[in-house]
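Please treat every number below as a calculation from the coordinates, not as lab data. Remember, predicted model here, so these are calculated numbers, not experimental data. Counting neighbours? That spans all protein chains shown, and the Cβs are built from the backbone with ideal geometry, glycine included.
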Amino acid sequence: MTEKGILIVISGFSGAGKGTIVKRLLQTYDNYALSVSMTTRPPRDGEREGVEYFFTDREHFEAEIERSGLIEYAMYCGNYYGTPRAYVEEQLRAGKDVILEIEIQGALKIKEQFPESLLVFVTPPNAKELERRLVGRGTESQEVIQKRLARASEESEGMESYDYIVVNDDLEKCVEELNCLVDAARRAPVRRRGFIKEIRDELKGFAKGAE
Ligand code: 5GP
């Protein structure tokens, strides 16, 4: 039987390199599926509808909340972000490991609803490097960068809620590490319920025969 896939939450400070890591993970291995979030944030240059995000307005987003179309959502720096339910459930059922690249409030809501999810926090080696990456990206104003750094400081308070912390100082190493964590998680009994039941039932059959 196909075990359900693992729901993987990847969080990290804005500028930690989550996006690049996830992209590389998807290119390298074929067991992953990436959930595309919905947001009310305006698209950045080069971002495409349905690829980086589903861009929408507040009214439509709130209607989605109302009809339970999102498995979680959060407000981040003045904009809504949320995970559409249908895709995630469908892919997990098909045995894919589904990646959600979301911030901490959403991550905690996912852990509550799906205790078997795997929460990974990606961080640069130090704060100075984070600032350097945010400035270097050149996509945000100084004001937005300040907001994101302040938010990073708040988010650092929640790092203990994650199952693992991955330090991103080398992309390839980081991608491999992440894949190893998922591989290890797959072997945990909470995620092998189907297998456990199957072998237990078989063993019971044998035990009966020996009576
Ligand atoms: P950005 O504006 O830089 O694309 O994203 C800002 C933050 O929102 C990032 O930390 C990102 O991981 C998070 N985010 C993206 N999509 C979602 C989502 O569906 N739900 C939640 N809770 N956070 C999200």
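Structure data summary
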{"read-out": "Within region 137-173, tally of residues that are out of contact with any strand residue (DSSP E or B) (no Cβ under 6 Å at 6 or more places or on another chain) and assigned to a helix (DSSP H, G or I)", "value": "21"}
{"read-out": "Residue count, region 77-115 (criterion: acidic (Asp, Glu) and more than 13 Å from the chain's Cα centre (by Cα))", "value": "3"}
{"read-out": "Filter result (without any contact (Cβ under 8 Å) to a residue 60 or more places away in the chain and over 14 Å from residue 122 (Cβ atoms)) within region 162-189", "value": "180, 183, 184, 187, 188, 189"}
{"read-out": "Residue check for residue 56: within 8 Å of the ligand (Cβ to nearest atom) and surrounded by 15 or more Cβ atoms within 10 Å (Cβ to Cβ)", "value": "no"}
{"read-out": "Unique match (being loosely packed, with under 14 Cβ neighbours inside 10 Å, in contact (Cβ under 8 Å) with a residue 60 or more places away in the chain and either closer than 16 Å to residue 155 by Cβ or not aliphatic (A, V, I, L, M) (or both)) among 45, 30", "value": "45"}
{"read-out": "Pair list, Cβ under 7 Å, 6 or more apart: region 190-205 residue surrounded by 10 or more Cβ atoms within 10 Å (Cβ to Cβ), other residue not in a loop (DSSP other than H, G, I, E, B)", "value": "191/185; 196/189"}
